[in-house]
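Asks: If you scroll down you'll find the structure; I have some questions about it.
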Amino acid sequence: MTTITDPYASRVDDSPEVTERLDPVLHDPRGVATPGPLTAAQLTAFEHDGYLVLDGAFSEGEMSAALRELDDLSRDPALRAGPETIIEPQSDSVRSVFAVHRNSEVFADMAEDHRIADVARQILDSDVYVHQSRVNLKPAMTGKEFFWHSDFETWHVEDGMPRMRAVSASVALTDNTEFNGPLMLVPGSHRSYVRCGGETPDRHYETSLRRQEVGVPDLESLRRLVDEGGIVAPKTTCGSVILFDCNTMHASGVNLSPHPRSNAFFVYNSVENAVVEPFAGLEPRPEHIASRSSILPLG
Ligand code: 6CS
Ligand code: FE
């Protein structure tokens with residue numbers, strides 16, 4: 001009898017550990033099989049650091065249009081009452097709007113835009129589909145934090161993403177400054193995999209998307225990653241994009257500044273890495289959080 005063990009098992013007991021990543025970061029290391037916009041130096045930097053900033057990928061005009069669209073979406077009563085809209089636990093502010101690429105033409109076009117989708121194809125060396133999209137909002141003076149996590153850990157355990165062959169693009173709809181709760185990343189952390197302690201509750205997403213407590217690293221593991229790689233919080237102007245590997249450890253703090261911070265977030269998964277049954281053995285999360293039925297390659 002063969003026992004198939006899950007190399008990325010997590011939340012199975014109370015002993016967290018830092019293990020090795022088993023998958024490549026660049027799926028065609030020479031970046032020639034699927035040509036794309038990134039230079040050899042950018043590919044090498046992404047492979048080494050687990051993230052890459054594309055300054056000014058989109059124009060200010062494009063971002064103003066996206067912000068107007070976001071305003072409409074977050075005021076739309078039907079969408080606001082629907083499961084796509086996540087409200088902060090301690091207020092009635094909108095924290096996230098999920099599946100924006102399905103509910104809005106502006107964000108659908110952004111997801112398909114060659115300036116980012118071609119980069120994802122180049123890194124993953126295949127066609128891609130959108131596993132998840134969302135806009136995260138942090139209003140001036142009140143925007144709340146996102147605790148440390150590796151996205152892949154959640155997508156593997158809760159969505160059944162088999163391997164590390166996905167990349168995220170965070171598009172800055174506003175400037176991201178040191179004061180408004182910018183994305184923080186641990187360079188090099190994508191080369192390790194932190195198995196988390198604890199157990200996944202049923203319908204975990206109902207709480208985790210507001211405040212995540214399971215699927216987050218323990219202090220010792222985070223300290224090991226940060227002692228090695230440090231922490232960066234790239235300051236970006238609106239229209240810039242931060243690309244990061246699905247397993248890069250990241251977080252973001254509160255926004256105490258008088259300026260809002262809003263970022264659109266698109267997760268590109270390789271069509272060769274389509275999701276299977278969740279590895280936690282629980283019901284899959286709903287379609288607006290993790291695409292399961294619409295996994296056609298982006299055009
Ligand atoms: O649960 C998820 O899929 C998501 N949660 C966080 C905090 N980041 C990535 C992803 O959007
Ligand atoms: Fe995340």
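The values are calculated or read from the model by the stated rules, or taken from the named source; none is laboratory data. Since this is a predicted model, take the numbers as computed values, not measurements. All Cβ positions, glycine included, derive from the backbone under ideal geometry; neighbour counts span all protein chains shown. Keep in mind that these areas ignore ligands, DNA and RNA; they rest on the heavy atoms of the full protein, side chains included. Shrake-Rupley method; radii C 1.70, N 1.55, O 1.52, S 1.80 Å.
Asks: If you roll a 1.4 angstrom probe over the protein chains with everything in place, what fraction of the accessible area of segment 1-136 belongs to carbon and sulfur, to the nearest %?
Replies: Working: 3430 of 6790 Å².
The C+S portion of the solvent-accessible surface of segment 1-136 is 50 percent.
Asks: If you average the sequence gap of Cα pairs under 8 Å that are 6 or more apart and divide by the length of segment 19-249, what percent do you get for the contact order? Please list the in-between numbers first.
Replies: On the way: 362 pairs, mean separation 76.2, N = 231.
33 percent.
Asks: Given points 7 Å out from each Cα along the Cα-Cβ axis, report the residue 55 to residue 178 separation in nanometres with one decimal.
Replies: Those two pseudo-labels are separated by 1.7 nm.
Asks: To continue, here is another question. Mind checking the per residue accessible area of segment 19-249 for me, 1.4 Å probe, whole number of Å²?
Replies: Numbers: 9660 Å² over 231 residues.
Ligands and nucleic acids excluded, the result is 42 Å² per residue.
Asks: Before anything else, pin down the relative contact order of segment 195-299: Cα pairs under 8 Å, at least 6 apart, normalised by residue count, whole percent. Walk me through the numbers before you get to the answer.
Replies: Details: 32 pairs, mean separation 28.8, N = 105.
Answer for segment 195-299 is 27 percent.
Asks: Here is a follow-up. Could you rank 227, 49, 245 by how accessible they are, 1.4 Å probe, largest area first? List each step's numbers first, then the result.
Replies: Numbers: 227 120, 49 40, 245 5 Å².
Final ranking, largest accessible area leading: 227, 49, 245.
Asks: Per DSSP H run of n ≥ 4, the term is -39500 (n - 2.57); total these for the chain, divide by its residue number, and report the mean residue ellipticity at 222 nm rounded to 500 deg cm²/dmol.
Replies: Estimated from H runs of four or more residues: -7000 deg cm²/dmol.
Asks: Per-residue counts of other Cβ atoms within 10 Å, averaged by peptide: what ranking do you get for 122-129, 177-184, 6-13, highest first?
Replies: Working: 122-129: 23.1, 177-184: 19.4, 6-13: 17.0.
With the highest mean Cβ count within 10 Å placed first, the list reads 122-129, 177-184, 6-13.
Asks: Mind listing P(r) for the chain? All alpha-carbon pairs, 5 Å bins, whole percents.
Replies: P(r) over the chain, rounded to whole percents: 1, 6, 12, 17, 20, 19, 14, 8, 3, 1, 0, 0, 0.
Asks: What figure in square angstrom, to the nearest 10, would you give for the accessible area of residue 144 with a 1.4 Å probe?
Replies: Using a 1.4 Å probe on the heavy atoms, I get roughly 80 Å².
Asks: Kindly list the residues of segment 123-160 that lie in the label zone of residue 114, defined by a backbone N under 20 Å from the point 7 Å along the Cα-to-C-beta vector.
Replies: 123-130
Asks: For a quick check of understanding: with a 1.4 angstrom probe and all protein chains in place, what accessible area in square angstrom does residue 147 have, to the nearest ten?
Replies: Rounded to the nearest 10, the figure is 100 Å².
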